[in-house]
Amino acid sequence: MTHEPDALPLISRAQQRSARRLLSRKGRDESGLFLVEGTQAVREALGRPELVEALIVDRPEDHASLIALADPGICWRATSEDVAALADTVTSQGCFAICRQLSASLGDVVDARLVVICAQVRDPGNAGTVIRCADAFGADAVVLTAGSVELHNPKTVRASVGSVFHLPVVAGVTLSSAVDWARDLGLQVLAADGGGRFLTDVDLARPTAWIMGNEAWGLPDDERDLADEVVGVPMWGRAESLNLSTAAAVCLFATASAQRA
């Protein structure tokens, strides 16, 4: 049985209230669910059907391709008011998925050549973009250390554009535990920060774990000391620095390219 897009049942008030609760950390923690917004992110979620509890769209005729990917029994139509209440964006694309929360541990990653460790990265947009970059450049895992933004924060999920569904993202571990884990896997541990050797002078063909520091204060000395080496991105223009997600993209691209050369 399949739903015709124009025949989707209207979401109930109770369902709408439950979905809205997922905009808060407390609601996500209590339910074990999270909200995914945006066409591409929802499409990637539907690629993991065991995780998807509901698909909610405003104009079914505009989202027929998503509806076709979902179990008919989990598809619901929302009003424009419903969408406005759920949306975390100014101009919503009008589609949402409610998913079971993702879970990964360091022990789940047993064979890796490229990982990124986000040390107390607190901006959800940066965290999501780093996850997207890690996915794009073939990294094996991302670690969000204790003190980092919550993985299931709507802004983190949206910034990842669905990449949270593609690779393990381990959350809540200490930086020292993540570094020990990386070394146990045979990875060199490089801290992305100023004052070290240039990226172009480091052997990036080796299995590598990158540590990316906090947006505001970077990596304190004790965290830099956990790495085998501190590595900076060479800049030949007049910009003073790169933001976190841009630096992560450069480091991951350079490492992935060296490993595939």
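The values are calculated or read from the model by the stated rules, or taken from the named source; none is laboratory data. It should be emphasised that the depicted structure is a prediction, and the values quoted were computed from it without experimental measurement. Here the Cβ is made from the backbone with ideal geometry for all residues, glycine too, and neighbour counts use every protein chain on show. Only protein heavy atoms, including side chains, enter the accessible area calculation; ligands, DNA and RNA are left aside. Shrake-Rupley method; radii C 1.70, N 1.55, O 1.52, S 1.80 Å.
So the values come out like this:
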| item | result |
| --- | --- |
| Residue check, D108 open to solvent by 30 Å² or more (accessible area, probe 1.4 Å) and touching a residue at least 60 places away in the same chain (Cβ under 8 Å) | yes |
| Scan of the range 211-230 for residues that are surrounded by 14 or more Cβ atoms within 10 Å (Cβ to Cβ) and out of contact with any Ser or Thr (no Cβ under 7 Å at 6 or more places or on another chain), ordered by number | I211, M212, G213, N214, E215, G218, L219, E223, R224, A227, D228, V230 |
| The range 231-245, residues that are within 24 Å of T174 (Cα to Cα) and open to solvent by 30 Å² or more (accessible area, probe 1.4 Å) | N243 |
| Test: residue in the range 87-99 that is open to solvent by 30 Å² or more (accessible area, probe 1.4 Å) and part of a helix (DSSP H, G or I) | no |
| Spans of strands (runs of 3 or more DSSP E) in the range 149-261 with at least 3 residues in contact (Cβ under 8 Å) with a residue 60 or more places away in the chain | 169-173, 208-212 |
| Search result, residues across the range 45-63 that are part of a helix (DSSP H, G or I) and under 11 Å from L8 (Cα atoms) | P60, E61 |
| Residue within the range 175-185 that is open to solvent by less than 60 Å² (accessible area, probe 1.4 Å) and at pLDDT below 95 present | no |
| Set M235, M212: member being over 17 Å from A119 (Cβ atoms) and either modelled with pLDDT under 95 or aliphatic (A, V, I, L, M) (or both) | M235 |
| Flag for A97 being at pLDDT below 95, over 26 Å from V189 (Cβ atoms) and among the hydrophobic types (A, V, I, L, M, F, W, C) | no |
| Residue pairs meeting the criteria (Cβ under 7 Å; at least 6 apart or on separate chains; first farther than 17 Å from G94 by Cα, in the range 17-44; second among the hydrophobic types (A, V, I, L, M, F, W, C)) | R28/L22; R28/F34; S31/L22; L33/L22; L33/I98; L33/C99 |
| Odd one out for V42, checked against (1) part of a helix (DSSP H, G or I); (2) over 19 Å from F165 (Cα atoms) | (2) |
| Any chance V90 is of a type in the set (A, V, I, L, M), more than 22 Å from V130 (Cβ to Cβ), modelled with pLDDT under 95 and touching a Gly at 6+ places or on another chain (Cβ under 6 Å) | no |
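Let's see how each residue does on (1) open to solvent by less than 20 Å² (accessible area, probe 1.4 Å); (2) touching a helix residue (DSSP H, G or I) at 6+ places or on another chain (Cβ under 9 Å); (3) among the aromatic types (F, W, Y):
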| position | (1), (2), (3) |
| --- | --- |
| L8 | yes, yes, no |
| G27 | yes, yes, no |
| L33 | no, yes, no |
| R43 | no, yes, no |
| I56 | yes, yes, no |
| A64 | no, yes, no |
| S80 | no, no, no |
